[in-house]
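*Asks:* Next up is a structure, given as structure tokens.
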Amino acid sequence: VQLQASGGGLVQAGGSLRLSCVLSGRTFSSYAMGWFRQVPGREREFVAAIRRSGIMPYLADSVKGRFTISRDNAKNTVYMQMNSLKPEDTAVYYCAADANFERIVGGSNGIDYWGQGTQVTVSS
């Protein structure tokens, strides 16, 4: 399985970015998908997760109202739209895939597959 994340970059505070992550090598619709982020020296932090069906996504409190997660099973892709970005959103963002939605929501331990990370930098 490969997860290829893209869409990161440098943006000013208040701006927007859309991250994408393509899964290959397995049946995409068999996996719940999620996004995590990590700042150097800190633990990886859960950001958002979406079920295999795409219904009832779950987001961390720190991003609710600003980020949305969606998926296109026909394109084997999960997206995260990030609006009203803040400097504290600066991190490396990782996509994740797991057959178990609760495992993604519960944190990063034991998740099946990870992408390589994409850097998001928000300037003030």
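*Asks:* For the range 25-47, check the following and say yes or no: at least one residue is more than 19 Å from GLY107 (Cβ to Cβ), assigned to a strand (DSSP E or B) and open to solvent by less than 60 Å² (accessible area, probe 1.4 Å).
*Replies:* No, the range 25-47 contains no residue that is more than 19 Å from GLY107 (Cβ to Cβ), assigned to a strand (DSSP E or B) and open to solvent by less than 60 Å² (accessible area, probe 1.4 Å).
*Asks:* Scan the range 70-93 and report the pairs whose first residue is in contact (Cβ under 8 Å) with a residue 12 or more places away in the chain and whose second residue is crowded, with 18+ Cβ neighbours inside 10 Å and of a type in the set (Ser, Thr, Tyr), with Cβ atoms within less than 6 Å and a gap of 6+ or a chain change.
*Replies:* Short answer, once both residue conditions are applied: SER70/TYR79; TYR93/THR118.
*Asks:* So, of the residues in the range 2-24 that are surrounded by 13 or more Cβ atoms within 10 Å (Cβ to Cβ) and among the aliphatic types (A, V, I, L, M), which turns out to be nearest to SER70 (Cα to Cα)?
*Replies:* LEU19
*Asks:* Still on this structure, I have one more. Mind telling me which of the residues ALA49, ALA13, ALA5, ALA60 ends up being under 24 Å from THR90 (Cα atoms) and in contact with a Cys (Cβ under 6 Å, 6 or more places away or on another chain)? Give the derivation first.
*Replies:* Working: ALA49 fails: in contact with a Cys (Cβ under 6 Å, 6 or more places away or on another chain); ALA13 fails: in contact with a Cys (Cβ under 6 Å, 6 or more places away or on another chain); ALA60 fails: in contact with a Cys (Cβ under 6 Å, 6 or more places away or on another chain).
From the options ALA49, ALA13, ALA5, ALA60, the qualifying one is ALA5.
*Asks:* Counting just the residues of the range 48-91 that are within 23 Å of SER30 (Cα to Cα) and of a type in the set (Val, Ile, Thr), which one comes out surrounded by the fewest Cβ atoms within 10 Å (Cβ to Cβ)?
*Replies:* ILE55
*Asks:* Restricting the range 92-124 to residues that are charged (D, E, K, R) and buried (at least 17 other Cβ atoms within 10 Å of the Cβ), which is farthest from the chain's Cα centre (by Cα)? Explain how you work it out, then say what you get.
*Replies:* Kept after step one, since they are charged (D, E, K, R), are these residues of the range 92-124: 98, 102-103, 112.
With buried (at least 17 other Cβ atoms within 10 Å of the Cβ) added as a condition, the list becomes 98, 103.
On the way: ASP98: 13, ARG103: 14 Å.
So the residue we want is ARG103.
*Asks:* For the range 25-44, how many residues meet the condition of being at pLDDT below 95 and in contact with a strand residue (DSSP E or B) (Cβ under 6 Å, 6 or more places away or on another chain)?
*Replies:* 2
*Asks:* Could I ask something else about it? Among the listed residues TYR58, TYR31, which satisfies the condition of being aromatic (Phe, Trp, Tyr), over 15 Å from ALA97 (Cβ atoms) and in contact (Cβ under 8 Å) with a residue 40 or more places away in the chain? Give the steps one after another, and end with the answer.
*Replies:* Values: TYR31 fails: over 15 Å from ALA97 (Cβ atoms).
Within the list TYR58, TYR31, the selection yields TYR58.
*Asks:* Please go through the range 78-108 and give me each residue that is assigned to a loop (DSSP other than H, G, I, E, B) and touching a helix residue (DSSP H, G or I) at 6+ places or on another chain (Cβ under 8 Å), ordered by number.
*Replies:* To start, the set of residues in the range 78-108 that are assigned to a loop (DSSP other than H, G, I, E, B) comprises 83-86, 90, 99-100, 106-108.
Across the range 78-108, the qualifying residue is only ALA99.
The values are calculated or read from the model by the stated rules, or taken from the named source; none is laboratory data. Everything numeric here is computed off the predicted structure, so don't read it as measured data. Virtual Cβ from ideal backbone geometry, glycine too; neighbours counted across all protein chains shown. With ligands, DNA and RNA removed, areas are computed over all heavy atoms of the protein, side chains included. Shrake-Rupley method; radii C 1.70, N 1.55, O 1.52, S 1.80 Å.
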